[in-house]
Amino acid sequence: MQAQAPYRVGQGFDVHAFAPGRALILGGVRIEHPQGLAGHSDADVLAHAIMDALLGAARLGDIGHHFPDTDPAFKDADSLALRAEVTERVVRLGWGIVNVDATVIAQAPRLAPYLDAMANRLGQAMNAPPECVNLKATTTERLGFTGRGEGIAAQAAVLLARL
Ligand SMILES: [Zn+2]
C-alpha cells in the first residue's frame, strides 16, 4: 500500500438500543419519537458511525479510543462537538473530506422528513458543504433487532483526499 496515496476510504458502523426517557438525536437533529437511544454520550448513532468512518480513513483508530465511555467528560456529550474534534484531527493530518455517504437503519420513526436537516448539521460539524453529505434511511422489513424496534443502526462511508 502507498502511504502517500492521495485518497483514503473509511467505513463506520454503530448500534444503540432504544431506551425510555431519552431524546432521540440523529445527525445532531432532535427527532419526534416516544423514546431515544441508550448510551453514555447523546447516543447519536449516525454521528458515531460517521466519526468511525473518518477516523478509519485517517488511520486514527476508532471512537472508543479517542472518547472512552468510561470518561465522565463524555457523559451525555454532544456527538457533533466530538465530531468537530475528530474532523480537526483528520484535517491536521492533511486530509480534506471529499464526501460522506451514510445509511440509518430503523423500523421507526420515519426519517425522510429529517434527512436534509441532518445533512446540514453534519456538514456544518465537519466544515463541509451539505452537498458533501448524502443520507439514506431504510428499514429491515421488520426483521432483526432494528425490525423489532429494539434499536437503531447506522453505517457510513467517507472519502478523504490529501489537501
Ligand atoms: Zn455510538
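Placing unit charges on each Cβ (+1 for Lys and Arg, -1 for Asp and Glu) gives the chain a dipole about its Cα centre, and among Gly56, Val29, Thr139 the Cα reaching farthest toward its positive end belongs to Gly56. Each other residue within a Cβ distance under 12 Å of Leu93 adds +1 if Lys or Arg and -1 if Asp or Glu, for a net charge of +4. Starting from the Cα gyration tensor of segment 54-135, take the square roots of the eigenvalues, sort them a ≥ b ≥ c, and report rounded, prolate or oblate (rounded when a/c is under 1.5, otherwise prolate if a/b is larger than b/c, else oblate). Oblate, because a/c is 1.5 or more while a/b does not exceed b/c.
Counting only protein chain heavy atoms and rolling a 1.4 Å probe, the accessible areas of His40, His65, His16 rank, largest first, as His65, His40, His16. If you wrap segment 9-50's Cα atoms in a convex hull and average its projection over all directions, what's the area in nm²? The orientation-averaged projected area of the Cα hull of segment 9-50 comes to 3.0 nm².
With +1 on each Lys and Arg Cβ and -1 on each Asp and Glu Cβ, how big is the dipole of segment 69-142 about its Cα centre, in debye rounded to the nearest 20? Numbers along the way, then the final one.
On the way: 8 positive and 10 negative charges, 28 e Å.
The calculation lands at about 140 debye.
Not counting the cut sites, what is the longest span of the chain without GluC sites (Glu not before Pro) that DSSP labels loop and that have at most 12 other Cβ atoms within 10 Å? Longest site-free region, per DSSP loop and neighbour criteria: 33-140. Counting only Cα atoms, segment 114-154 measures 36, 14, 13 Å along its principal axes, largest extent leading.
What is the local net charge at Ala157, summed over the other residues whose Cβ is closer than 12 Å to its Cβ (Lys, Arg +1; Asp, Glu -1)?
0
As I understand it, the value is the acute angle between the Cα axis of helix 45-57 and the longest principal axis of the Cα atoms of the chain; what does it come to in degrees, rounded to 10? In the chain, helix 45-57 runs at an angle near 20 degrees to the longest axis. Measuring r between the beta carbons of Lys136 and Ala17 and using R0 = 25 Å, the FRET efficiency lands at 0.70. Summing charges over neighbours of Tyr114, with a neighbour being any other residue whose Cβ is under 11 Å away from its Cβ, gives +1 when K and R count +1 and D and E count -1. Ordering Ser41, Gln124, Gly96 by the projection of their Cα atoms onto the charge dipole of segment 39-150, which places +1 on the Cβ of Lys and Arg and -1 on the Cβ of Asp and Glu, puts Gly96 at the extreme positive end. The trypsin sites (Lys or Arg not before Pro) found in segment 87-144 that occupy coil by DSSP, while having at most 16 further C-beta atoms within 10 Å, are Arg110, Arg142. Eigen-decomposition of the gyration tensor built on the alpha-carbon atoms of the chain gives equivalent ellipsoid semi-axes of 26, 17, 14 angstrom, largest listed first. Each Lys and Arg contributes +1 and each Asp and Glu -1, all at the Cβ; summed about the Cα centre of the chain, the dipole is approximately 280 debye.
To the nearest 20 Debye, how big is the dipole of segment 121-163 about its Cα centre, given +1 on the beta carbon of each Lys and Arg and -1 on that of each Asp and Glu?
Using Cβ point charges on Lys, Arg, Asp and Glu, segment 121-163 gives about 40 debye.
Mind pulling the angle between the C-alpha long axis of helix 115-125 and the longest principal axis of the chain? Nearest 10 degrees, somewhere in 0 to 90. For helix 115-125, the angle is close to 40 degrees.
The values are calculated or read from the model by the stated rules, or taken from the named source; none is laboratory data. Small disclaimer: the values here were computed from a predicted structure and weren't measured. No Cβ is skipped: glycine too gets one built from the backbone with ideal geometry, and neighbour counts run over all protein chains shown. Note: accessible area is taken over every heavy atom of the protein model, side chains too, but ligands, DNA and RNA are not part of it. Shrake-Rupley method; radii C 1.70, N 1.55, O 1.52, S 1.80 Å.
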